Amino acid sequence: MKAIAVIPGQQNSIHMQEAPDPKPAAGEALVRVLRVGLCGTDAEINSGLYGEAPAGSDYLILGHENFGLVEAVGGAAKGIKPGDYVVASVRRPCTECFNCQHGRADLCSSGNYTERGIKGRHGYMAEHYTETPEFLFKIDEEIKDIGVLLEPMTIVEKGAAEAIEIQKRLPSKPRTAMVFGAGPVGLLAAAALRVRDLDTLVVSKEDATDTRAQIAKAMGCRYHSVQSSPLQELGKQIPAPDIVLECTGSSAVGFLAMQMLAADGILCLLSVTGGDKTELVHAAEINRDLVLRNNVVFGSVNASPTHYQLAIEAMKTAEKRWPGVLGQLITTRLPWTDFAKWFNRQVSGIKSTLEISS
Ligand code: BGC
């Protein structure tokens, strides 16, 4: 079969190549990939910043945001049948840690997890893949056109759900939320907060007429452009939020966000910031405010099966409440042979997909 792969560690090594046709073992499903979503992680792997080939392979098939159709099952693949639309999760457990042994590879404590398309396992930019049902999530007809957004949706669902869970320490309930960044992750985060009926402000660099701002508003968010007043000023103009989800990809914004929290508020950091940038921060002031306000700051990566189910439900709710709005996040659908256009930064917009099959 054809696949899009990189040589991990080698800059701009992305290419299309032949790879062995996967054959489903007993209990596995054979999935035809319909499309994959492109994300910053894919770009960073192609820049040689990280990414790891499976043992014994010198290449890594890229791609972790996926959507496909079950074509065949080897033996009895529990709960999955040919014709089902599915999304496969990304992370696979290590063999040694307690959290992985208990279904929470997203909280792996050994660091020896693998991730499809990222770390030690081939991904989904290929005509087919095989997988056990344990890691496949069925997508209903009503959200199949936006099924490719499920994986990034799970990331923000985990952030939002865990923030709310941690805040059960308080007698009061969170009411107001803020999202930094109106990229795909930021807008999905806004959706996750709005389906929970939080009063949500999205803050980003695009001006208020931009599609991203329009999408945020269509979901009932307020929108603030940092073009109209910088982040440092915003804190003085609006009431401080109870929950903040940071989705800009900038570590500096993470530190600014810490200073904007309400008393008892919580900040979830979702950006996997590449590189080794250093920053001057007001360490004493930030530390003092976090202490005196009982704030919580936590990082969150990947997602558990529970978050996949939550994300499916959140996407269905979003589709009912704001029909077609999540679909507007997909601004470019490229034939997959045109992958180089995206990696060479010739494509702008919110979320791009590679259309692999129909
Ligand atoms: C993916 C996650 C993954 C993380 C770290 C993100 O882009 O969406 O599933 O765990 O990268 O590799």
Worksheet item: Roughly how many whole Å is it from the C-alpha centroid of region 28-86 to that of region 296-358?
Response: 15 Å
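Dipole of the chain, Cα-centred, from +1 at each Lys and Arg C-beta and -1 at each Asp and Glu C-beta, to the nearest 20 debye? Before the final figure, lay out each step's value.
On the way: 36 positive and 41 negative charges, 120 e Å.
For this selection, approximately 580 debye.
When the convex hull of the C-alpha atoms of the chain is computed, what volume per residue in Å³ does it have?
Values: hull volume 51.5 nm³, N = 358.
Measuring per residue, one finds 144 Å³ for the Cα hull of the chain.
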Practice prompt. Sequence neighbours fewer than 8 away in the same chain don't count; with that in mind, list the aspartates and glutamates whose C-alpha is under 14 Å from K2.
Written response: E18, D21, E127, D338, E355
Worksheet item: Quick one: helix 184-195 against the long Cα principal axis of the chain, what's the angle to the nearest 10°, folded into 0 to 90?
Response: 70 degrees
Worksheet item: Roughly how tilted is helix 283-292, in degrees to the nearest 10 and between 0 and 90, from the longest Cα axis of the chain?
Response: 80 degrees
Discussion item. Just to be sure I follow the rule: in region 153-299, considering lysines 8 or more places apart or on different chains, how many pairs have Cα atoms under 26 Å apart?
Written reply: 10
Worksheet item: Leaving out same-chain residues fewer than 8 places away, which lysines sit with a Cα under 23 Å from that of K78?
Response: K23, K138, K144
Practice prompt. Would you mind working out the magnitude of the charge dipole of region 153-299 relative to its Cα centre, with +1 at each Lys and Arg C-beta and -1 at each Asp and Glu C-beta, to the nearest 20 Debye?
Written response: 320 debye
Response to the item:
Under the Karplus relation with 6.51, -1.76 and 1.60 and θ = phi - 60°, whole-Hz ³J(HN,Hα) for region 331-336, x at Gly and Pro, equal 9, 9, 10, 9, x, 5
Worksheet item: Pairing the Cα long axis of helix 150-166 with the longest principal axis of the chain, what angle in degrees results, from 0 to 90 and rounded to the nearest 10?
Response: 40 degrees
Discussion item. Of Q167, L310, P8, which is farthest towards the positive pole of the chain's charge dipole, taken about the Cα centre with +1 and -1 on the beta-carbons of Lys, Arg and Asp, Glu respectively?
Written reply: Q167
Fill in: Cβ-defined net charge surrounding S250, 11 Å radius [Lys, Arg +1; Asp, Glu -1]
0
Worksheet item: Non-local amide H neighbours of Y129 (under 5 Å, H modeled in plane, Pro and chain starts lacking H): which ones?
Response: V31, V33
Worksheet, complete the sentence: Out of S352, N99, L234 - ranked by how far each Cα lies towards the positive end of the dipole of the chain, with unit charges on the beta-carbon of charged residues - the top one is L234
Worksheet item: Can you list residues whose amide H is under 5 Å from V297's amide H, if they're 5+ apart or on another chain and H is modeled 1.01 Å from N?
Response: L267
Worksheet item: So what does Y308 come to for accessible area, using a 1.4 Å probe and Å² rounded to 10?
Response: 10 Å²
Response to the item:
In terms of the alpha carbon gyration tensor, root eigenvalues a ≥ b ≥ c, rounded if a/c is under 1.5 and otherwise prolate when a/b exceeds b/c or oblate, region 153-299 is rounded
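Using a Förster distance of 41 angstrom, determine the FRET efficiency expected from the C-beta separation of K81 and N12, and round it to 0.05.
Working: r = 41 Å, r/R0 = 0.99.
Here the calculated transfer efficiency is 0.50.
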Worksheet, complete the sentence: In whole Hz, the Karplus estimates of ³J(HN,Hα) for region 50-61 (6.51, -1.76, 1.60; θ = phi - 60°; x where Gly or Pro) are 7, x, 9, 6, x, 3, x, 10, 9, 10, 10, 6
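Tell me the mean residue ellipticity at 222 nm calculated for the chain from its helices only (DSSP H runs of n ≥ 4, each -39500 (n - 2.57), averaged over every residue, nearest 500).
Details: 10 runs with 95 residues, N = 358.
One gets -7500 deg cm²/dmol as the mean residue ellipticity at 222 nm.
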Worksheet, complete the sentence: Non-local residues with an amide H under 5 Å from the amide H of V202, with H modelled 1.01 Å from N and Pro and chain starts lacking one, are V179, R222, Y223, H224
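By the gyration tensor of its Cα atoms, with a ≥ b ≥ c the square roots of the eigenvalues, what is the shape of region 43-167: rounded for a/c under 1.5, prolate for a/b over b/c, or oblate? Kindly include the intermediate steps, with their values, before the conclusion.
Numbers: a/c = 1.37, a/b = 1.09, b/c = 1.26.
Cα axes put region 43-167 in the rounded bin.
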Item to complete: Would you tell me the accessible area of L310, worked out with a 1.4 angstrom probe on the heavy atoms of the protein chains, in Å² to the nearest 10?
Response: 70 Å²
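Sort D21, D242, D207 by heavy-atom solvent-accessible area, probe 1.4 angstrom, most to least. It would help to have the intermediate numbers written out before the result.
Values: D21 90, D242 40, D207 65 Å².
From most accessible down to least: D21, D207, D242.
The values are calculated or read from the model by the stated rules, or taken from the named source; none is laboratory data. Bear in mind the structure is a predicted one, so any value in this text is a computation, not a measurement. Ideal geometry is used to build each Cβ from the backbone, glycine not excepted, and the neighbour counts take in all protein chains shown. Areas reflect the complete protein model, heavy atoms only, side chains present, ligands, DNA and RNA absent. Shrake-Rupley method; radii C 1.70, N 1.55, O 1.52, S 1.80 Å.
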